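First the structure, in the form of C-alpha cells, and then the observations on it.
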Amino acid sequence: MHACLSPAELSAALAIPDLSDPASGHALAQLSAVVSGALAAHWEVPLEVHRPGPLVSTRDNYDRLGFSSGDVTCDARYSRHVSPTVMLRSHTSAGMPAVLDSLRPELGRHDTLHVLPGLVYRPDAVDRTHVGTPHQLELWRLRSRGLLGVPDLTDMLGSVVDAVLPGTRWRAVPSVHPYTTAGVQLDVQVDGGWLELAEAGLVAATVLRAAGLDSRRWCGLALGMGLDRALMLRKGIDDIRLLRSSDPRVAAQMADLLPYRPVSAMPPVRRDLSLLCADDVDAEVLGDAARTALGPDADVLAGLDVLAVTPVSVLPAAALSRLGVAREAGPAGPGSGQANVLVRLTLQSLERTLTAREANRLRNRVYLALHEGPVQELIAG
C-alpha cells in the first residue's frame, strides 16, 4: 500500500513554480529552448514541445517505460503518490507514453523531436547540487520509415554538449535504462573531473510496442537531462539554491545564460542530530522529510549529511539509555529494526546571517520530524 501525500503536501508541491516554463523568463527555460532548438536545427526536423501536468498514472511513470516492480526507483519511499494509481511524476519521461499513443494514427512519414521539460518530484539528498523538485528535459526523436542507430545517438550526445557547454570534452559510458537499448551515461569534463550531464539510448522496441506502434516501422532516440545541473555548469554556479534565490543580485543573473558573478555568501551554521530511525533509512528519505518539516524555510537547508548508522543491537548501554530503548526487547520489541543515525545539518540563508536562536529552532523542527524514539533531545531556542 502506497503512503499518499496529504492535500496540504500535494498543494505545496503543485505550488512550486516551474522555471522551465518560458513564461518564467528564467535561464532554465532559455537553456531548454537553446538545447532543443539546436538539436532540431542540426537534424533539420520539426520540434514539438509537450507540457503535460505533473500528475501522472503510476503505470505511465513506471510500467509502460519498462520499470519492474522490484526496481529501487519504484519503491514507495522514492515516489510521491496521490492515490494508489496516481502520482507526481518522478521523471519527465512519464509524459512519453501519451506522446507515443498519439502517434498510433500516423500512417505517413514522421521524424520529429519531441521535447518534454518540467519539474519532477522525488526524495533526494540535501546538498549543493540536489533538490527534491529538480527540472528535467526529455528529448526524444521519433521516426517512422527509417532507422536510427548508435551513430545517430552519438551525434545527438555531441550536439547536446555543444549546446550546453560549447567546446567541452565528453564521454559516453555504457549504462542500463529500462526504456532504452544501447544506453549510455553522458559525462562532461569539468575542472579535471567527469560529471554526469544526461542519460540516453535507443528507444526500446518494447516501449514502442506497448503504445501500439510497430517496432519494425518505428524507432527513436531518447535523452534525459537534469536542467538544474546543466545550468549550474553553464553559468558556473556551485549552489543549486541560487537558481531560486530572491536576492536581487542573484535573481537578476538568472535571466540569462551568462557566467554567474558571485555575491557575498552568508556563513553556514551546523547542527548535529542523534536520531532513532528505521535501520534502512537513507539520505534521500531523510532529506525529503527534512524539507517537508521546514516547509517555506526549506531553502535555508544547505546540507544533510549522514555521518553514521549504528544498529540498536550493537549500541553500548549508555547510548541505549540516552535513546530510551532496550536491546533485549526482542525482534518485535522497542528498538527492533531501528538504528542510531547521526546526521549533520548545514543551515545557510542566501540572504542573511542566521542567528543561533533561529538555527536551533530550525534544528528542532527537523529533529522532531526525523526522530522516532521515545526520548527527545531539543535545544533551547
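Remarks
- In degrees, nearest ten, helix 283-294 long axis to first principal axis of the chain (Cα): 70
- Euclidean distance between Cα centres, segment 110-170 to segment 1-48, Å: 12
- Between Ser20, Ser245, Ser79, the GNM of the chain built on Cα springs shorter than 10 angstrom shows Ser245 fluctuating the most.
- Radius of gyration and Dmax over the Cα atoms of segment 167-221, both given in Å: 14.4, 46
- Over segment 131-174, the ratio between the Cα radius of gyration and 2.2 N^0.38 Å evaluates to 1.44.
- Segment 1-132: Cα Rg divided by the 2.2 N^0.38 Å rule of thumb: 1.17
- As a length-normalised measure over Cα pairs under 8 Å and 6 or more apart, the relative contact order of the chain settles at 15 percent.
- Projecting the alpha carbon convex hull of segment 269-370 along each direction and taking the average yields 6.6 nm².
- Dipole orientation for segment 7-235: of the candidates Leu195, Val184, Gly220, Gly220 has the Cα lying most toward the positive pole (charges on Cβ; Lys, Arg +1; Asp, Glu -1).
- Taken over the Cα atoms of the chain, the convex hull encloses 157 Å³ per residue.
- Highest-first arrangement of 290-297, 182-189, where packing means the average Cβ count within 10 Å: 182-189, 290-297
- Translational D in µm²/s for segment 122-216 (Stokes-Einstein at 10 °C, 1.306 mPa s, Kirkwood Rh from C-alpha pairs): 105
- Over the chain: helical MRE at 222 nm, DSSP H runs n ≥ 4 each giving -39500 (n - 2.57), nearest 500: -8000 deg cm²/dmol
- In percent, rounded to a whole number, the relative contact order of segment 70-139 is 32, using alpha-carbon pairs under 8 Å and six or more apart.
- Percent of C-alpha pairs per 5 Å bin in segment 52-202, short distances first: 2, 8, 15, 19, 20, 17, 11, 6, 2, 0.
Read-outs: derived from the displayed coordinates by stated rules, not from any lab. Bear in mind the structure is a predicted one, so any value in this text is a computation, not a measurement. Backbone-built Cβ (ideal geometry, glycine too); neighbour counts: all protein chains shown.
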